[in-house]
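Worksheet for the structure shown next.
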Amino acid sequence: MGGAARWIQRLSAARISTEALERGQSRVIDASLTLIRERAKLKGELLRAMGGVKASATLLGVPLGHNSSFLQGPAFAPPRIREAIWCGSTNSSTEEGKELNDPRVLTDVGDVPIQEIRDCGVEDDRLMHVISESVKTVMDEVRSSSAVVLGGDHSISYPVVRAVSEKLGGPVDILHLDAHPDIYDCFEGNTYSHASSFARIMEGGYARRLLQVGLRSITKEGREQGKRFGVEQYEMRTFSRDREKLESLKLGEGVKGVYVSVDVDCLDPAFAPGVSHIEPGGLSFRDVLNILQNLQGDVVAGDVVEFNPQRDTVDGMTAMVAAKLVRELSAKISK
């Protein structure tokens, strides 16, 4: 039984009315969105004072892990990624020379308080709406800003992509780097499972093209769902043949831009051991950067998900890997 269901049971036992419960939940949700809005508004004022910017990246953490089918450690990832981004062991420059300590490149509006909202008995339908509204708020208040979302498990991609598509007024192309296609219709009875997020995205019409790269743990249903939705699936067993094409992708023409979703387990565990689902035979870190840096298209948002700090090495190796993915994705977005 989930945390939300337990809370509802306790409140029912205490004879709290449904109306009182819903009013309390609404107050908590409103307060959560207000916090995101005011932080985003402050960041927007700073950018305007600096003369504005064509496009910048804004970090938004979504520490959600309960839709994971195995371990829930990704809920603890956002603060660890932030810590690694600004770690003194490296500098603030991206590989192409953009300075992350320049707010015109990267700002941060904090985390959606997922656990606090769930502790009030809010179920996933409403929680996904809160995540979507948080992303839209960032896009509203930090003008010309693109959300870079720190997961969290991969279920968060659905409400984030939905928000981006709805806000921009049409579908996007998605580049999805992952060991798994995450396109089950309803994994283990959970429509919001991290293994079903891209089924929800494609059903909603929020993506025109979906390219999945790095696949090496894919079932019959994963392939059938891919065919159903017209997904372009690139498996690691043919990566040497596909490499040239994947390192010169051109996406986003005729739609509202490109969304990039990076599941850290797209990488071989030699590069990123701190994930819930360890799948040998993955991409190298340089493979991922080559694909990302050579991508031609207007990247309008993205996420880095499924880093599990509870399985990381003592020295935080995977945190640094996730942080560099965020840094380079932010560089790709900012103009």
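The values are calculated or read from the model by the stated rules, or taken from the named source; none is laboratory data. Remember, predicted model here, so these are calculated numbers, not experimental data. As a convention, Cβ positions derive from the backbone with ideal geometry for all residues, glycine included, and neighbour counts pool all protein chains shown. For the accessible areas, the whole protein counts, side chains as well, though only heavy atoms, and no ligand, DNA or RNA atoms are used. Shrake-Rupley method; radii C 1.70, N 1.55, O 1.52, S 1.80 Å.
In the range 110-138, the residues that are more than 11 Å from V62 (Cα to Cα) and of a type in the set (K, R) form Cβ pairs under 9 Å with partners that are assigned to a helix (DSSP H, G or I) and open to solvent by 40 Å² or more (accessible area, probe 1.4 Å), at six or more places apart or across chains, as follows: R118/W7; K136/E166; K136/K167. For the range 38-82, residues that are over 19 Å from S145 (Cα atoms) and either basic (K, R) or surrounded by 14 or more Cβ atoms within 10 Å (Cβ to Cβ) (or both) total 18. Going through (1) farther than 18 Å from V62 by Cα; (2) surrounded by fewer than 24 Cβ atoms within 10 Å (Cβ to Cβ) one by one, P309 falls short only on (1). Out of the residues in the range 138-164 meeting the condition of being surrounded by fewer than 24 Cβ atoms within 10 Å (Cβ to Cβ) and not charged (D, E, K, R), tell me which one is nearest to Q296 (Cα to Cα). Selected residue: S144. Scanning the range 215-222 turns up at least one residue that is under 21 Å from the mean Cα position of the chain (by Cα) and charged (D, E, K, R). A Cβ distance below 7 Å, combined with a sequence gap of six or more or placement on separate chains, defines the contacts here; from the range 307-335, residues that are in contact (Cβ under 8 Å) with a residue 24 or more places away in the chain and outside any loop (DSSP other than H, G, I, E, B) reach residues that are open to solvent by less than 20 Å² (accessible area, probe 1.4 Å) and among the hydroxyl-bearing types (S, T, Y) in the pairs F307/T318; R311/S276; R327/T94; E328/T94; A331/T94; I333/S146.
S145 meets the conditions (1) of a type outside the set (K, R); (2) within 16 Å of the chain's Cα centre (by Cα); (3) at pLDDT 95 or above in every case but one. The failed one is (3). Number of residues in the range 91-127 that are open to solvent by less than 10 Å² (accessible area, probe 1.4 Å), more than 16 Å from S26 (Cβ to Cβ) and part of a helix (DSSP H, G or I): the value is 1. I'd like the full set of residues that are under 29 Å from T313 (Cβ atoms), part of a helix (DSSP H, G or I) and open to solvent by 10 Å² or more (accessible area, probe 1.4 Å), limited to the range 218-267. Selection gives M236, R237, F239, S240, R243. Looking across the range 248-260, the residues that are touching a Leu at 6+ places or on another chain (Cβ under 9 Å) and without any contact (Cβ under 8 Å) to a residue 60 or more places away in the chain come down to S248, K250.
A residue that is aliphatic (A, V, I, L, M), open to solvent by less than 10 Å² (accessible area, probe 1.4 Å) and within 30 Å of R143 (Cα to Cα) cannot be found anywhere in the range 268-284.
Can you tell me which residue is nearest to I201 (Cα to Cα) among those in the range 165-185 that are small (G, A, S) and either free of Cβ contacts under 8 Å to residues at least 40 places away in the same chain or surrounded by fewer than 22 Cβ atoms within 10 Å (Cβ to Cβ) (or both)? Filtering the range 165-185 for residues that are small (G, A, S) and either free of Cβ contacts under 8 Å to residues at least 40 places away in the same chain or surrounded by fewer than 22 Cβ atoms within 10 Å (Cβ to Cβ) (or both), the one nearest to I201 (Cα to Cα) comes out as G170. Of all residues in the range 11-47, those that are farther than 16 Å from R126 by Cβ and in contact with a Lys or Arg (Cβ under 8 Å, 6 or more places away or on another chain) total 2.
Looking only at the range 285-306, count every residue that is on the phi < 0 side of the Ramachandran plot, of a type in the set (D, E, K, R) and surrounded by 15 or more Cβ atoms within 10 Å (Cβ to Cβ) and tell me the total. Number satisfying all stated conditions: 3.
Could you please find all residues in the range 258-290 being within 28 Å of Y206 (Cα to Cα) and over 18 Å from the mean Cα position of the chain (by Cα)? Please lay out each step first, then the result.
Of all residues in the range 258-290, those within 28 Å of Y206 (Cα to Cα) come to 258-267, 275-277, 282-283, 287-290.
Those that are within 28 Å of Y206 (Cα to Cα) and over 18 Å from the mean Cα position of the chain (by Cα): G282, L283, D287, N290.
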